[in-house]
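These notes concern the structure reproduced below.
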Amino acid sequence: MLVKTAGLVLRETRVGEADKLLCVLTPTDGKITVKARGALRKGSRTGSATQLFAFSEMALFQGKSQYTLNEASAVELFFPLRERVESMALAAYVCEVLELLSDADSGMEELLRLGLNTLYALSEQTAAEELIKAAFELRVAALAGYAPEAEGACTACGAAEDLYFSPAEGAVFCRLHLPGDRGAVYLRGGAAEAMNYVLSCDARRIFSFRLGEEGMRAFSVAAERYLLSALGRGFRTLDYYHKIQSATEY
Ligand SMILES: [Zn+2]
């Protein structure tokens, strides 16, 4: 059976001489595996539409265990992000997280939309990279069912000043109610408001806010620690991103 779908390429693996195996996130069928025959051959018609980060229209033959690509045309390649090593590393992290949190099920529209919005923001640099990364981490955690309690006030007493975020508890607390958590982050400089905003705003507006340097730092540390703590694991692509960052700081 021939099916048509749009999809975001989250991963590409070389198979044999010229074939590729793709992990593709689609709006209606969730995460699917697609075999792209001859995609690595020079001059292949499907070469650019099947590369990592490509959002493409695909015509697929549906087999028993996987799909085989018949035709593909790129809708958006996010080309500018491919020119900067840091943006590319961050985009690879975004894709690894999306692959982990999506499944072969329906109802992946929101996850796909968040992925596309994030790659677009990274590509067009519509906001600071640190802000895009942290907003994505919080929002993707919430979409996957791990929304933290971060409504700009202490979860225990409602106090709105002097707040901390506990990644282990996934909640905001005042100094008095903060449980013992060595990873707790003091939410200075508007970071508490930023967390609340990202978790509650319209999907198209998640990167539309500003933070000063101190607030950005706290927001960014809180978001990354929370995602890793909620998922109980790290990411190879995230380690790589941090490695390049520390290499370019000096
Ligand atoms: Zn409190």
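The values are calculated or read from the model by the stated rules, or taken from the named source; none is laboratory data. These numbers come from a predicted model, not from an experiment. Glycine gets a Cβ as well: all are built from the backbone with ideal geometry, and neighbour counts include every protein chain shown.
Data table
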read-out: Sole exception among (1) modelled with pLDDT under 95; (2) under 15 Å from the mean Cα position of the chain (by Cα); (3) more than 19 Å from Leu131 (Cβ to Cβ) for Asp181, by number; value: (2)
read-out: Qualifying positions in region 1-30 - in a strand (DSSP E or B), at pLDDT below 95 and surrounded by 17 or more Cβ atoms within 10 Å (Cβ to Cβ); value: Gly30
read-out: Test for Ala192: is it within 13 Å of the ligand (Cβ to nearest atom), touching a Leu at 6+ places or on another chain (Cβ under 7 Å) and not hydroxyl-bearing (Ser, Thr, Tyr); value: yes
read-out: Test result for Ala168, in a loop (DSSP other than H, G, I, E, B), more than 16 Å from the ligand (Cβ to nearest atom) and surrounded by fewer than 17 Cβ atoms within 10 Å (Cβ to Cβ); value: yes
read-out: Some residue of region 198-217 being in a helix (DSSP H, G or I), outside the structural domain of Arg84 (by TED's automatic domain parsing), closer than 21 Å to Leu100 by Cβ and polar (S, T, N, Q); value: no
read-out: Breaking point among (1) under 26 Å from Pro80 (Cβ atoms); (2) in contact (Cβ under 8 Å) with a residue 60 or more places away in the chain, for Tyr120; value: (2)
read-out: Phe78, sole failed condition from (1) in contact (Cβ under 8 Å) with a residue 60 or more places away in the chain; (2) under 18 Å from the mean Cα position of the chain (by Cα); value: (1)
read-out: Which numbered condition Arg236 misses (of (1) within 27 Å of Ser87 (Cβ to Cβ); (2) surrounded by 15 or more Cβ atoms within 10 Å (Cβ to Cβ)); value: (2)
read-out: Of residues in region 119-165 being of a type in the set (D, E, K, R) and over 12 Å from the mean Cα position of the chain (by Cα), the one farthest from the ligand (Cβ to nearest atom); value: Glu124
read-out: Number of the exception - Val94 against (1) surrounded by 21 or more Cβ atoms within 10 Å (Cβ to Cβ); (2) within 22 Å of Asn196 (Cβ to Cβ); (3) away from the ligand (no atom under 16 Å from the Cβ); value: (2)
read-out: Test: residue in region 96-105 that is at pLDDT below 95, farther than 25 Å from Ile244 by Cα and assigned to a strand (DSSP E or B); value: no
read-out: Glu161 outside the structural domain of Val24 (by TED's automatic domain parsing), closer than 14 Å to Ala194 by Cβ and in a loop (DSSP other than H, G, I, E, B); value: no
read-out: Pairs with Cβ under 6 Å, 6+ apart, first in region 36-60 and farther than 21 Å from Phe78 by Cα, second of a type in the set (Ser, Thr, Tyr) and part of a strand (DSSP E or B); value: Leu60/Tyr67
read-out: Positions within region 171-185 being away from the ligand (no atom under 13 Å from the Cβ) and either over 18 Å from Arg217 (Cα atoms) or assigned to a strand (DSSP E or B) (or both), in sequence order; value: Gly180, Asp181, Val185
